[in-house]
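Enquirer: Take a look at the following structure, please.
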Amino acid sequence: MRVSYRVLIFVLFLGSGFTCAQEKAAPAAVPAKSTVAAKPDSSSLPDLRPDTNGNLSQEQMQQLLRVVAEKDMQNDKLLRDYTYIERDEEHRLDGKGQVKSTDAKTYEVMELYGEQVQRLIEKDDKPLDAKDAAKEEDKIQKIIDKRKNESEDDRKKRLEKEGKDREEDRKFVREIADAYNFKLVGTALVGGREAWVIDGEPRPGFVPQMKESKILPKFHGRVWIDKSDLQLSKLDVECLDTISWGLFLARFHKGSRFMLEQIRVNDEVWLPRQVTAKVDVRLALLKNFDVDVEQTFRDYKKFRATTKIVGVGDVKQ
C-alpha cells in the first residue's frame with residue numbers, strides 16, 4: 001500500500017491530499033508566486049502580534065494557516081528542482097496488533113518533463129536483481145520517449161488540466177480555514193527551531209462548498225508552524241469517524257492517524273523528512289486490515305530542471 005504524504009495527510013490544514021491505494025500516485029505540481037519559499041513578501045504576511053495574554057485570535061490563526069497553505073504550494077513547485085531517496089516500509093498487523101508481515105521499498109525520485117517519477121532501486125533494503133532493474137530502466141525510458149514525442153495539442157490539454165487541478169486545490173485551501181476552530185496551545189522546539197503549536201477541531205455548523213470538503217469535519221489534529229519561516233514543520237492528524245474515499249470505496253476507520261515531519265532544505269524550501277501512518281482500513285469488499293506505514297526522505301539534491309534528457313543514461317548522471 002502506498003501512502004503519499006500530499007494526498008490526505010495535509011487535508012486537515014493544508015489542502016493537498018492523502019491516498020491509501022494499491023499503486024503510486026505522484027503529487028500534482030503547483031506553481032508558486034515566488035521561487036523562494038522561505039522569505040515571502042512581508043506585505044503578504046498576517047499580523048501575528050499576540051494579545052496581552054500571549055494569545056493569537058481565531059482570525060489571526062486562520063490567516064496564518066492560509067499563508068502556510070500557500071507556502072506548501074510553493075514548496076511543491078520547488079520540489080521539482082530536487083532529486084531524493086524515498087524509503088517506504090509497511091507493517092501489516094494481525095487482529096492482536098502484532099506484525100505479521102513487513103515490506104520495504106526504496107525509490108530514487110526525479111522529475112522528468114514536469115512529471116515526478118519514482119525508480120525502484122531496492123526491495124527489503126537489497127538492490128534489485130538484474131531483471132527487475134532492467135524493468136525499472138525501461139519504465140523510465142518509456143516516460144522520456146512519451147514526453148519527447150508529445151504533440152503540441154496533447155501538451156496543451158495536459159497543461160490545461162493541471163491548471164484546473166491547481167485552481168481546485170486553491171478553492172479547497174480556502175475552505176479549510178473555515179472548517180475548524182483553532183487554538184494556540186503554546187510553542188515548542190522542532191528540529192531546534194521555535195514553532196507555534198496549534199490544535200484544530202471541527203467547527204460546528206461548517207457548510208462545505210466543495211464535494212471534497214465534506215470529509216473535513218471527520219478529522220482533527222495538531223500542527224507545528226515554524227515561527228521564523230511560517231512553514232509547516234510537523235503535523236499530527238486523527239480520523240474521528242469512518243470515511244469512504246475514492247472509486248474503490250476505501251474506508252478509513254475512526255482512530256486512523258497520519259503524522260508528518262518536515263525539514264528546511266538549502267534555506268529555500270521545506271520538504272518531508274518522515275511520514276508515518278497507523279491505518280485501520282477496508283478496501284472495496286475486502287476484509288479490514290491494520291497497517292503501520294513509515295516513509296522517510298533523504299539525500300535531497302538540487303538539479304537544473306531545464307536540463308535536456310535524452311535517455312536513461314542521462315537520467316542516472
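Throughout, read-outs are computed from the coordinates displayed, never taken from laboratory work. Note that the structure is predicted; figures quoted are calculated from it, not measured. With ideal geometry, Cβ positions are generated from the backbone for all residues, glycine too; neighbour counts draw on all protein chains shown.
Enquirer: How do 55-63, 184-192 rank on mean C-beta neighbours within 10 Å, highest first?
Expert: 55-63, 184-192
Enquirer: Roughly what would the spin-label model give for Arg257 and Asp154, points 7 Å off Cα along C-beta, in nm?
Expert: 4.6 nm
Enquirer: Next up: Past 21 Å, Cα to Cα: identify those pairs from Lys105/Lys131; Lys77/Lys301; Lys105/Lys126; Lys100/Lys278; Lys171/Lys214; Lys77/Lys214, in the order given.
Expert: Where the Cα-Cα span goes over 21 Å, the pairs concerned are Lys77/Lys214.
Enquirer: Same structure again: Starting from the Cα of Lys183, step 7 Å along the direction of its Cβ; do the same at Leu48; then give the gap between the two resulting points in nm.
Expert: If labels sit at Lys183 and Leu48, their model points lie 2.2 nm apart.
Enquirer: With a point put 7 Å past each Cα toward its Cβ, work out how far Glu268 is from Glu168 in nm, to one decimal.
Expert: My value for the distance between the label points is 3.1 nm.
Enquirer: While we're here: Can you quote the Å³ per residue value for the convex hull of the Cα atoms in the stretch 56-146, rounded to an integer?
Expert: Looking at the stretch 56-146, the number lands at 179 Å³ per residue.
Enquirer: Quick check: residue separation of Asp103 and Asp125 times 0.36 nm, minus the Cα distance between them. What number comes out in nm?
Expert: 7.0 nm
Enquirer: Here's something else I'd like to know. Suppose every K and R has +1 on its Cβ and every D and E has -1 on its Cβ; what is the size of the dipole of the stretch 127-271 about the Cα centre, in Debye to the nearest 20?
Expert: For this selection, approximately 440 debye.
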